[in-house]
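Throughout, read-outs are computed from the coordinates displayed, never taken from laboratory work. As the structure is a computational prediction, the values presented were derived from the model and not from experiment. Methodologically, a virtual Cβ is constructed for each residue, glycine included, from the backbone with ideal geometry; neighbour enumeration extends over all protein chains shown.
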Amino acid sequence: MLSGKTILIGITGGIAAYKICELIRMFKRQNANVRIICTPNAMNFVTKLTLQNLSQNEVGIEEFVIPDFKPEHISYADEADIMLIAPATANTIGKIANGICDNLLTSVVCAFKKNILIAPAMNFNMWQNDIIQENISKLKQFGYEIIEPEAGFLACGTEGIGRLCTLDKIFDRTVEILNSKKKLAGKKIVITAGGTIENIDPVRYISNYSSGKMGIALADMAFNQGAEVVLISTVDVQRVYKVVNVKSAIDMKKSVEAEFDNADCVIMAAAVADYRVKNIANQKMKKTSADEITLELVKNPDILQEISARKTTQKVIGFCAESENLIQNAKEKIQKKGCDYLIANDISRSDIGFSSDYNEVVILDKNGIVKKLERENKREIAKQIFEVIYGQEKNSSVNRELCSAKSC
Ligand code: CTP
């Protein structure tokens, strides 16, 4: 399953380090080349000899040993197809989140350009600590994938969240990434995300509750599947692919148009304001003696409708946020907008949609419902959306039948 792949495992100084011995065997059984780097503290929990025997490779610990005149942190980073850090202690997580490179492991992380999976393990109170959680959020923002710790009995004798996730989970995710075909290689995919911000004056604005999570999940998935990605976002995110930060619908329209001609696919996941303020005040508006004031609004351009009208080879995908009559409104909206697919979600539910990490959507084309995607995390929903757009279009009649049978 993993022939020809090199997996680099970084082990840090936590009690769960002993479990990684079995993980190495799991990868070796699938013919992977496994390389190991340990922090000096990891050596309190496992021995170099054990790891060397299991991986059948030299184990890296010291940073300034340069056997063949090639800096080790560069050669480890060049050679591996994926890196996983397990267990990842609060200390190493903090260093990576802040760009500190004070040992071989953290230096390799800094030089590593492919996928990095991080499986934290620590005491319950440490995991709950706001600073640790902030570091975790920061790592996610920068594109590191966190395999969350699980709840259960901890080595320190307490119960709670902090235990290293199961080895099967780490193994499955690593194999999934390594074997995922770059289905979108060679395609340029443009995705919008977040709610637009329409200024009233220098300190006030009109916006909406969109978190941008769905659009960002789509962009991450497209990038993982090999696409050239342009994310046009009102939410400030750092990624290795191109991110264009915008605020208003007018800004977003300009950025979408600039990327449109050579795009293969444009996905309008952003919640674009339908109206903007007619006269944006240059100075802060002062309170007056009047009990009521009127804000005059003018219509924003409909970006989705405009690009759908001028598309040639591009696939154009819209989203449809509805708080009632989801399917009926979605069917009318796709006809009006003229896009290839419309992804409809019900924003009246608090367990999916706007600021949730989960979503449940119905995908429609101009002939009606193509597929219903049951409640799942947004990463999984993103994966399935691309399967419909690029992979399973020929099966759409089957899905349509399934959908009408379930009257979704
Ligand atoms: N959209 C757009 N430009 C706008 C408004 C919406 O490109 N000015 C896009 C959104 O990005 C989304 C789709 O159109 O992909 C549908 O957005 P939605 O808010 O559901 O529909 P609206 O057209 O705004 O209609 P309504 O608010 O009446 O439901």
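I'd like the chymotrypsin sites (Phe, Trp or Tyr not before Pro) in segment 1-94 restricted to DSSP loop residues with at most 11 other Cβ atoms within 10 Å, sorted by number. All intermediate terms of the calculation are to be shown ahead of the outcome.
Numbers: sites: Y18, F27, F45, F64, F69, Y76; in loops: F45, F64, F69.
For chymotrypsin sites (Phe, Trp or Tyr not before Pro) across segment 1-94 that sit outside H, G, I, E and B with at most 11 neighbouring Cβ atoms in 10 Å, the list reads F64, F69.
Residues in segment 13-30 carry Karplus couplings, in order, of x, x, 4, 5, 4, 4, 5, 5, 4, 5, 4, 4, 5, 4, 5, 5, 4, 9 Hz; the curve used is 6.51 cos²θ - 1.76 cosθ + 1.60 with θ = phi - 60°, and Gly or Pro positions show x. Pairs over the 27 Å Cα-Cα cut-off, from the set K253/K378; K140/K337; K113/K254; K19/K181: K140/K337; K113/K254; K19/K181. Taking θ as phi - 60° and the Karplus parameters 6.51, -1.76 and 1.60, the scalar couplings of segment 80-90 work out to 7, 8, 7, 10, 10, 10, 8, x, 9, 7, 4 Hz in sequence order, x denoting glycine and proline.
Remark on R35: its backbone amide H falls under 5 Å from those of I7, L8, I9, a criterion applied only to residues 5 or more positions apart or on other chains, H modelled at 1.01 Å from N.
Computed over the alpha carbons of segment 334-377, Rg followed by Dmax gives 11.4, 30 Å.
Only Cα pairs under 8 Å and 6+ residues apart enter the sum, and on that basis the relative contact order of the chain stands at 10 percent. Placing +1 on the Cβ of every Lys and Arg and -1 on the Cβ of every Asp and Glu, with nothing else charged, gives segment 82-230 a dipole about its Cα centre of roughly 620 debye. By DSSP, the beta bridges lying fully in segment 158-249 are antiparallel in about 25 percent of cases.
Counting only residues at least eight positions apart within a chain, or on another chain, the lysines with an alpha carbon under 20 Å from that of K286 are K278. Rounded to the nearest 20, the size of the Cβ-charge dipole of segment 188-399 about its Cα centre is 320 debye, with Lys and Arg at +1 and Asp and Glu at -1. Can you give the % of DSSP beta bridges in segment 6-179 that are antiparallel, to the nearest 5? Restricted to segment 6-179, the bridges split so that about 20 percent are antiparallel. Annotation for segment 321-355: GluC sites (Glu not before Pro) lying in DSSP loop with at most 15 further Cβ atoms inside 10 Å of their Cβ are E324.
Taking the DSSP beta bridges in the chain as the whole, what percent of them are antiparallel, to the nearest 5?
On the way: 21 of 64 bridges.
Among the beta bridges of the chain, antiparallel pairing accounts for roughly 35 percent.
Most tightly packed first, judged by the mean number of other beta-carbon atoms within 10 Å of their residues, the peptides 175-185, 217-227, 244-254 read 217-227, 244-254, 175-185.
When only C-alpha pairs under 8 Å and at least 6 residues apart count, what is the relative contact order of segment 63-186, in percent?
With pairs under 8 Å counted, the relative contact order is 23 percent.
Along the axis of the charge dipole computed for segment 118-254 (Cβ charges of +1 for Lys and Arg, -1 for Asp and Glu, origin at the Cα centre), the listed residues I250, N179, I206 are led at the positive end by I250. Dipole of the chain computed with +1 at Lys/Arg Cβ and -1 at Asp/Glu Cβ about the Cα centre; of Q335, I170, L84, farthest Cα towards the positive end is Q335.
How big is the dipole moment of the chain about its Cα centre under a simple scheme where the beta carbon of each Lys and Arg is +1, that of each Asp and Glu is -1, and everything else is neutral? Debye, nearest 20, please.
Working: 52 positive and 50 negative charges, 155 e Å.
The calculation lands at about 740 debye.
Semi-axes of the equivalent ellipsoid for segment 188-399, computed as √(5λ) from the eigenvalues of its C-alpha gyration tensor and ordered from largest down, come to 30, 19, 17 Å. With the alpha-carbon atoms of the chain aligned to their principal axes, the span from lowest to highest coordinate is 73, 60, 46 Å, starting with the largest.
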